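See below for the structure under consideration.
The values are calculated or read from the model by the stated rules, or taken from the named source; none is laboratory data. What you see is a predicted model; the values in this text were computed from it and never measured. With ideal geometry, Cβ positions are generated from the backbone for all residues, glycine too; neighbour counts draw on all protein chains shown.
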Amino acid sequence: MPNIVQTMSDFPATYGEVMKPLDLDALPGELAQRCSTSPMIREWVRLYDRVQRAEKVSSPTQWSPLEVVAYEHDDWTLFSRLRGYTTCEIADFKAYLALCESIKRSEPDGEDFLLQASLAIQRLVSTEAFRQVEARLLAMSYAQPLAPNTTEESDSSGLLHG
């Protein structure tokens, strides 16, 4: 069995470090067409790419108890702050989420479109180094128990609200 890294220090800080640049001219058929005709779709593609590149490489097995609690309580703003995201990165993510909701409401196939577009963009920017990071994170999740306070039975809401 390969040697599994037990800490995050050997990983890149963000996924952007192991992704190819997004070539908008290489977008597949329908996505390219919709991107060229819809400013909202074009902005979503740019935000999706920016958010993915800024995403910090992490494993729930390495999160602090407070990070786990923020994640479990779906407090993505607190979770993002705890993980060290900048104000600008948090604003980008908020704008991305809002744009996703707008697309779901305005496009007849909104949710399916977002899924298919996400996968298409991931295929374009993925590299062997990116796939290796993902494989190593998966191996870590199998090799280590989750961080403390990750069970539904634990009542750790006091960590969030003092």
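Before moving on, here are some points about what is shown:
- The number of residues in the stretch 113-140 being under 20 Å from Ser9 (Cβ atoms) and either at pLDDT below 80 or surrounded by 16 or more Cβ atoms within 10 Å (Cβ to Cβ) (or both) comes to 6.
- In a residue-by-residue description of the stretch 8-28, the property of being surrounded by 16 or more Cβ atoms within 10 Å (Cβ to Cβ) and of a type in the set (Lys, Arg) applies to no position.
- Residues of the stretch 82-93 that are without any contact (Cβ under 8 Å) to a residue 24 or more places away in the chain and surrounded by 15 or more Cβ atoms within 10 Å (Cβ to Cβ): Leu82, Ile90.
- Test: residue in the stretch 6-20 that is of a type in the set (Lys, Arg) and closer than 21 Å to Arg81 by Cβ: no
- Residues in the stretch 1-32 that are in a helix (DSSP H, G or I) and either under 16 Å from Leu119 (Cα atoms) or modelled with pLDDT of 95 or more (or both): Tyr15, Gly16, Glu17, Val18, Leu24, Ala26, Gly29, Glu30, Leu31, Ala32.
- Residue within the stretch 42-52 that is surrounded by 14 or more Cβ atoms within 10 Å (Cβ to Cβ), touching a Ser or Thr at 6+ places or on another chain (Cβ under 7 Å) and in contact (Cβ under 8 Å) with a residue 60 or more places away in the chain present: yes
- Remark: pairs (first residue in the stretch 62-76, under 22 Å from Asp10 (Cα atoms); second residue in a helix (DSSP H, G or I) and among the basic types (Lys, Arg); Cβ separation under 7 Å; 6+ apart in sequence or on different chains) = Glu67/Arg83.
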